[in-house]
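Undergrad: Below you will find the structure I want to go over with you.
The values are calculated or read from the model by the stated rules, or taken from the named source; none is laboratory data. Given the structure is predicted, the values throughout are model-derived calculations rather than measurements. Cβ coordinates were reconstructed from backbone atoms using ideal geometry, including for glycine residues, and neighbour counts include every protein chain displayed.
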Amino acid sequence: MITKLAVCWICKHKGEFFQVKGPLNVPRAPQGRPVLVQAGSSERGRDFAARWAEVIFTAQPALEGAREFYKDINGRLAKFNREPGSVKIMPGVMPIIGETEAEAKRKEELLRELVHPLAGLSLLSDSMNQDLSQFDLDKPLPELDTMRGNQSRQKIVAQLAKEEGLTLAQLGKRFGASRSHRVLVGTPAQIADNFEEWLEKEACDGFNIMCPYLPGGLNEFVELVVPELQRRGIFRKEYTGVTLRDHFGLERPDPVV
């Protein structure tokens with residue numbers, strides 16, 4: 001739809017819903033077009049991302065799974081005449097930060113206690129397009145015959161529940177606290193160590209920071225973790241561009257013709 005609409009801007013068009021007489025009389029945006037961000041890690045989603053996306057937001061709770069995803073996406077780009085690295089892969093991560101590791105763990109425990117299992121199951125039911133309220137909360141997640149919602153998320157949740165032997169209530173609390181994204185608990189240095197490892201092992205190009213609470217979680221990340229990342233040369237100390245596309249290091253796309 002974006003391509004069709006862009007074509008309509010530069011030519012005469014008369015259709016069922018709108019009509020234009022000629023070119024749009026405004027200049028092109030500085031970044032060419034908005035950055036195209038995709039989320040979804042199923043086979044179909046991966047192919048779609050490799051063809052169209054410029055940034056991918058993905059749930060990757062483990063390093064090896066993230067490395068496989070990173071390699072797979074970059075391997076798919078060639079069939080769409082795109083260069084490796086032209087899509088920025090950014091898994092979600094929730095940093096829970098403390099001046100000491102013990103303090104960070106106490107924060108994590110408190111935050112988990114505040115999550116009601118039914119609230120988490122409601123979110124999970126919506127993500128999976130499955131009514132989980134019909135099942136016993138004190139029993140494990142049952143085997144589901146069909147996948148009707150977010151396929152990659154359902155696989156992650158089912159694997160987690162099986163590996164850790166979680167009841168449905170426990171799973172609801174876990175999902176409500178993290179949405180199946182990686183929860184990283186520790187000091188600023190420990191969090192920076194982890195980020196550095198993921199980048200060096202080609203598991204991602206960056207991270208989508210999901211603050212566990214606002215505004216405190218964001219303030220702690222900016223004031224404590226960002227300086228540590230800057231000291232290591234992982235994060236910029238100043239902006240070198242003026243658009244989101246510049247900040248991601250993405251090329252300005254050619255105009256639609």
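Undergrad: For the stretch 144-157, state whether one or more residues are of a type in the set (Asp, Glu) and either in contact (Cβ under 8 Å) with a residue 40 or more places away in the chain or closer than 22 Å to Ala66 by Cβ (or both).
TA: Scanning the stretch 144-157 turns up no residue that is of a type in the set (Asp, Glu) and either in contact (Cβ under 8 Å) with a residue 40 or more places away in the chain or closer than 22 Å to Ala66 by Cβ (or both).
Undergrad: A further question follows. Please specify each residue of the stretch 94-123 satisfying the condition of being closer than 27 Å to Ile191 by Cα, of a type in the set (A, V, I, L, M) and not in a strand (DSSP E or B).
TA: Ala102, Ala104, Leu110, Leu111, Leu114, Val115
Undergrad: Does the stretch 14-44 hold any residues that are closer than 30 Å to Val157 by Cβ and in contact with a strand residue (DSSP E or B) (Cβ under 9 Å, 6 or more places away or on another chain), and which are they? It would help to see each step written out before you state the result.
TA: Our first condition is that a residue be closer than 30 Å to Val157 by Cβ; within the stretch 14-44, this holds for 35-44.
Result: Val35, Leu36, Val37, Gln38, Ala39, Gly40, Ser41.
Undergrad: Collect the residues in the stretch 26-35 that are loosely packed, with under 15 Cβ neighbours inside 10 Å and either under 17 Å from Glu251 (Cβ atoms) or modelled with pLDDT of 90 or more (or both), keeping them in residue-number order. Steps first, please.
TA: First pass over the stretch 26-35, keeping only residues loosely packed, with under 15 Cβ neighbours inside 10 Å: 26-30, 34.
The answer is Arg28, Ala29, Pro30, Pro34.
Undergrad: Do we find that Gly85 is surrounded by fewer than 18 Cβ atoms within 10 Å (Cβ to Cβ), out of contact with any helix residue (DSSP H, G or I) (no Cβ under 6 Å at 6 or more places or on another chain), closer than 22 Å to Asn208 by Cβ and at pLDDT 90 or above in this structure? Give the steps one after another, and end with the answer.
TA: On the way: surrounded by fewer than 18 Cβ atoms within 10 Å (Cβ to Cβ): yes; out of contact with any helix residue (DSSP H, G or I) (no Cβ under 6 Å at 6 or more places or on another chain): yes; closer than 22 Å to Asn208 by Cβ: yes; at pLDDT 90 or above: yes.
Yes: the conditions hold for Gly85.
Undergrad: Read through the list (1) at pLDDT 95 or above; (2) outside any loop (DSSP other than H, G, I, E, B); (3) surrounded by 11 or more Cβ atoms within 10 Å (Cβ to Cβ); (4) not β-branched (Val, Ile, Thr), then give the number of the only condition that Gly45 fails.
TA: Just one mismatch for Gly45, condition (1).
Undergrad: Can I ask one more? Has the stretch 124-134 got at least one residue that is surrounded by fewer than 17 Cβ atoms within 10 Å (Cβ to Cβ), outside any helix (DSSP H, G or I) and within 23 Å of the chain's Cα centre (by Cα)?
TA: Within the stretch 124-134 (the criterion being surrounded by fewer than 17 Cβ atoms within 10 Å (Cβ to Cβ), outside any helix (DSSP H, G or I) and within 23 Å of the chain's Cα centre (by Cα)), the answer is yes, since at least one residue qualifies.
Undergrad: Let me ask something else about it. Between residues in the stretch 98-117 that are at pLDDT 95 or above and residues that are among the basic types (Lys, Arg), which pairs lie under 9 Å by C-beta distance while being six or more apart or on different chains?
TA: Gly98/Lys105; Gly98/Arg106; Gly98/Lys107
Undergrad: Still on this structure, please answer the following. Of the residues in the stretch 49-64, how many are over 15 Å from Pro34 (Cβ atoms) and part of a helix (DSSP H, G or I)? Before the answer, list the steps.
TA: Looking only at the stretch 49-64, we keep the residues that are over 15 Å from Pro34 (Cβ atoms), and these are 49-51, 56, 58-64.
Checking which are part of a helix (DSSP H, G or I) leaves us with 49-51, 63-64.
Going through the stretch 49-64 one residue at a time, the tally reaches 5.
Undergrad: Taking the stretch 212-250 on its own, how many of its residues are in contact (Cβ under 8 Å) with a residue 24 or more places away in the chain, of a type outside the set (Lys, Arg) and over 17 Å from Thr187 (Cβ atoms)?
TA: Of the residues in the stretch 212-250, 8 are in contact (Cβ under 8 Å) with a residue 24 or more places away in the chain, of a type outside the set (Lys, Arg) and over 17 Å from Thr187 (Cβ atoms).
Undergrad: Is there a residue in the stretch 72-87 that is in contact (Cβ under 8 Å) with a residue 60 or more places away in the chain and either outside any loop (DSSP other than H, G, I, E, B) or within 21 Å of Gly217 (Cα to Cα) (or both)?
TA: Checked against the condition, which is being in contact (Cβ under 8 Å) with a residue 60 or more places away in the chain and either outside any loop (DSSP other than H, G, I, E, B) or within 21 Å of Gly217 (Cα to Cα) (or both), the stretch 72-87 yields no hits at all.
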